[in-house]
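Below is one structure, written out as structure tokens; the observations come after it.
The values are calculated or read from the model by the stated rules, or taken from the named source; none is laboratory data. All figures in this text were calculated on a predicted structure; none of them were measured in a lab. For neighbour counting, all protein chains shown are included, and Cβ atoms are generated from backbone atoms with ideal geometry for every residue, glycine included.
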Amino acid sequence: MLRGTMAVLMAMGGAAMAQDRELLQNAGFVDADGDGVPRGWEMHTGNPLTAPEYAVVGRDDTRWLRFEMRDNGASMGYVSQAVMLPEGVEAVRVRVSVRCTGAALPEAHALARIFWDAEPRQHIGTSWIYRYFPQWTRVEGRSAELDLTLARPEGANRVCLDLMARWAPGGTVTFARPSLTAAPAPERRIVRLATVQGHAPAGSTREDAIEWAVSKVREAGEMDADLVCFGEAINWAGVSDVTALEACEPIPDGPMSRALMAAADRYNVIVCAGIYEQAGAIAYNTSALFGRRGELIGIYRKVHLPSPEVEWGFTPGDRYPVFDTEIGRIGMQICYDNAFPEGARALALNGAEIICLPIWGEGRSGDTVWPCSPRMLALNNGVAYVAAVYSQRESCVIDPYGFVLVSAGGEEGVFAADVDLTPGADVSNWREDGSIMPHDFRRVWRSERMPDTYGPLMGW
């Protein structure tokens, strides 16, 4: 089951007093200096010649900070405020809303950043310990909201909030209601992901393959895994009495599908399995996701087909679905798909936190490429990968920073690792010497994408 443990809520004393108190000065933008910047906030811009103009608008206790952007598209500026944290504060809740007009879109032209740092400085050239680029929690048209609780990294005694507007020719970006309050430490989202190395023994019947697959689900359940991923086409791999096309079955009504759904229910494990599928007259190379209650959560049909599968009579899929589950949002790929980075990015854009990759083998220089390819897809998209591969014998679980947490190492069996999916999770273990780049790269790319230069991919 999902293993998140609630941390200590708050220390006594100052933390308890701060929990209900706004930590920001002039959070309501009530007072402003002559340059339009609210008192208590600092103005920053890289190029004074392209800086936006600032203005506090509204009245009474309903005020907003408006960035009026220049027409040339180069305008960029932000305001920031650093807050010393009271003793014992374990986390902060960050809230802010933004509205864009003109050419601006929230995802492209408005950004909130959170910097954790320490006084006195602990790093050469900068004081920050960790910085976080959150996605907007909710986006509706040209308005967006952020509401996020972040745990305080070890060693940090100060938090800084930046409100930035950028590159919106002739538009306006208006921020409202920024807030920083002490909060209970968020529950960590730890999930145990398992991968299966191997397939049914060569010369197996279809019944043998089913028995073998069920036994691996049982092993994953005994390891207390939340999810287990099989390799590609487990209803044909190792089976000698049928062709690939003859092995196809309907999902969820085929024999392998029914057996895996029953096993998922019995052993309390989400199951991802590559299954050759028959859908009416059409054959697909499919990955199916079965839930803990023995239900079909969803399917993904392999988009990128190598020549042999085309010649065998398979048809490609045409979409990248992502499925909500109790452990997070899950997307799937199959084998050759991992050679095309657009597929992984489309899944990430659709909200995937975990990508399951049933794969037969990596044909691009074999062991030289594997597992470099899924590691880079994990790192560049900020998602965990669960890869089950046959030919390289290195099925593995990869965290959102591209680290292989567990690998089969040439052995048959089931292998599991715990993955931390907590927003803003500390990455200070990157290097033992502490020479780290303490970003949450699971979120940076979402705020730093430049789709205007290369066209949209599955939306913004």
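Apart from one condition, VAL242 fits all of (1) in a loop (DSSP other than H, G, I, E, B); (2) within 25 Å of GLN392 (Cβ to Cβ); (3) of a type in the set (A, V, I, L, M, F, W, C); the exception is (2).
Number of residues in segment 332-345 that are touching a residue at least 60 places away in the same chain (Cβ under 8 Å) and surrounded by fewer than 21 Cβ atoms within 10 Å (Cβ to Cβ): the value is 2. Of all the criteria given as (1) modelled with pLDDT under 90; (2) surrounded by fewer than 20 Cβ atoms within 10 Å (Cβ to Cβ); (3) more than 21 Å from the chain's Cα centre (by Cα), the one not satisfied by ALA104 is (2). Residues in segment 351-380 that are of a type in the set (Val, Ile, Thr) and within 13 Å of the chain's Cα centre (by Cα) were compared, and the one that is farthest from ALA237 (Cα to Cα) is ILE354.
Are any of the residues in segment 202-213 assigned to a loop (DSSP other than H, G, I, E, B) and hydrophobic (A, V, I, L, M, F, W, C)? Within segment 202-213, one or more residues are assigned to a loop (DSSP other than H, G, I, E, B) and hydrophobic (A, V, I, L, M, F, W, C). Scanning segment 356-388 for residues that are part of a strand (DSSP E or B) and aliphatic (A, V, I, L, M) turns up LEU357, ILE359, ALA384, VAL386, ALA387, ALA388. If you check SER407, SER395, SER307, SER365 for being in contact (Cβ under 8 Å) with a residue 24 or more places away in the chain and either among the charged types (D, E, K, R) or surrounded by fewer than 24 Cβ atoms within 10 Å (Cβ to Cβ) (or both), only one passes: SER407. The requirement of being part of a strand (DSSP E or B), out of contact with any Lys or Arg (no Cβ under 8 Å at 6 or more places or on another chain) and surrounded by 20 or more Cβ atoms within 10 Å (Cβ to Cβ) is satisfied by ALA165. It is to be established whether one or more residues within segment 381-388 are of a type outside the set (A, V, I, L, M), at pLDDT 95 or above and either surrounded by 19 or more Cβ atoms within 10 Å (Cβ to Cβ) or within 19 Å of the chain's Cα centre (by Cα) (or both). Yes, segment 381-388 contains a residue that is of a type outside the set (A, V, I, L, M), at pLDDT 95 or above and either surrounded by 19 or more Cβ atoms within 10 Å (Cβ to Cβ) or within 19 Å of the chain's Cα centre (by Cα) (or both). Could we say that TYR320 is in contact with a Pro (Cβ under 8 Å, 6 or more places away or on another chain), hydroxyl-bearing (Ser, Thr, Tyr) and assigned by TED's automatic domain parsing to the domain that holds ILE251 here? Against the criterion (in contact with a Pro (Cβ under 8 Å, 6 or more places away or on another chain), hydroxyl-bearing (Ser, Thr, Tyr) and assigned by TED's automatic domain parsing to the domain that holds ILE251), TYR320 does not qualify.
When restricted to residues that are touching a helix residue (DSSP H, G or I) at 6+ places or on another chain (Cβ under 6 Å) and surrounded by 24 or more Cβ atoms within 10 Å (Cβ to Cβ), segment 237-250 contains 1.
Consider segment 18-52 and keep the residues that are at pLDDT below 80 and in contact with a Pro (Cβ under 7 Å, 6 or more places away or on another chain). The one that is nearest to ALA220 (Cα to Cα) is ALA18. Among the numbered conditions (1) surrounded by fewer than 20 Cβ atoms within 10 Å (Cβ to Cβ); (2) outside any loop (DSSP other than H, G, I, E, B), the only one that GLY351 does not meet is (2). Scanning segment 389-402 for residues that are under 21 Å from ALA237 (Cα atoms) and in a loop (DSSP other than H, G, I, E, B) gives TYR390, SER391, GLN392, ARG393, GLU394, SER395. In the set GLY221, GLY280, only one residue is assigned by TED's automatic domain parsing to the domain that holds PRO371, free of Cβ contacts under 8 Å to residues at least 24 places away in the same chain and of a type outside the set (Asp, Glu); that residue is GLY280.
A residue that is crowded, with 22+ Cβ neighbours inside 10 Å, of a type in the set (Gly, Ala, Ser) and modelled with pLDDT of 95 or more cannot be found anywhere in segment 292-303.
Of all residues in segment 122-143, those satisfying the criterion of being modelled with pLDDT of 55 or more, more than 18 Å from the chain's Cα centre (by Cα) and assigned to a loop (DSSP other than H, G, I, E, B) are GLY141, ARG142. For segment 63-82, a residue qualifies if it is over 11 Å from GLU53 (Cα atoms) and either buried (at least 21 other Cβ atoms within 10 Å of the Cβ) or within 31 Å of the chain's Cα centre (by Cα) (or both), and the qualifying residues are GLY73, ALA74, VAL79, SER80, GLN81, ALA82.
Considering ALA273, ALA259, the condition of being aliphatic (A, V, I, L, M), in the same structural domain as SER204 (by TED's automatic domain parsing), assigned to a strand (DSSP E or B) and under 17 Å from ASP208 (Cβ atoms) is satisfied by ALA273 alone.
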